[in-house]
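Chemist: Please see the structure below; I have some questions.
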Amino acid sequence: MARILGIILPDDKRIEYALTLFYGIGWHMAGKVLTQVRIDKNKKVKEITEEEWKKITLVLDKEYKVEGDLREEISENIKRLKDIGCYRGVRHIKSLPVRGQRTRSNARTKRGKRKTVGALKKEAWAKIEQNKVGQEVTEAKAVAPIAKK
């Protein structure tokens, strides 16, 4: 198992795939890095020598923002948008989609589970009211013995 920049890379995978495990590196950028360093994309991670690992880490450190640095930069940008109160910042604050997506029928991952608001059937209202009355009675019983003392 190879460890670079705090990420453990699996030995039996191709180096091109292994580089995509870094936050901020996709298939395209992994290919760019490997052509820059002149390493075959089809090589397995266990076949890479120490010298080649040094070249890869050097390129990743100097030319690309990956992992912690990239995450930090993104969070700073979002914080800046929130602080200046622009539209995108307000959307971030309200946990709504930022880039113009519709929210009426989609955006479930951002908005969370559905909550029914508005019209309910008679049976549902009766059930809710019955639960409220039951809770009030149990609370009154719990408070009554304390009041007697």
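We did not get these values from a lab; they are worked out from the coordinates using the rules stated. This one's a predicted model, so the numbers in the text were calculated from it and none came from an experiment. Don't worry about glycine lacking a Cβ; one is built from the backbone with ideal geometry, like all the others, and counts go over all protein chains shown.
Chemist: With charges only on Cβ, +1 for K and R and -1 for D and E, what is the dipole size of the chain about its Cα centre, in debye, rounded to 20?
Modeler: Value, rounded to 20: 1300 debye.
Chemist: Follow-up. Using the number of other C-beta atoms within 10 angstrom as an exposure proxy, rank MET29, MET1 with the fewest first.
Modeler: So the ranking, lowest neighbour count to highest, is MET1, MET29.
Chemist: Quick one: putting +1 on the C-beta of Lys and Arg, -1 on the C-beta of Asp and Glu, what dipole do you get for region 70-112 around its Cα centre, in Debye to the nearest 20?
Modeler: Around 400 debye, computed over region 70-112.
Chemist: Starting from the Cα of LYS41, draw a straight line to each of the aspartates and glutamates and keep only those under 19 Å, dropping any in the same chain fewer than 8 residues away.
Modeler: ASP11, ASP12, GLU16, GLU50, GLU51, GLU52
Chemist: On alpha carbon coordinates alone, what is the Rg over Rh value for region 1-138, Rh being the Kirkwood radius? Don't jump to the answer; show the numbers that get you there.
Modeler: Numbers: Rg = 25.1 Å, Rh = 19.7 Å.
Rg/Rh: 1.27.
Chemist: Which of the lysines could be linked to LYS132 by a straight reach, that is with a Cα gap under 21 Å, when you skip same-chain ones fewer than 8 residues away?
Modeler: Those lysines meeting the cut-off are LYS115, LYS121, LYS122, LYS141.
Chemist: Can you put TRP53, TRP27 in order of Cβ neighbours within 10 angstrom, beginning with the fewest? Please report the intermediate quantities before stating the final value.
Modeler: Working: TRP53 18, TRP27 12.
In order of increasing Cβ crowding within 10 Å: TRP27, TRP53.
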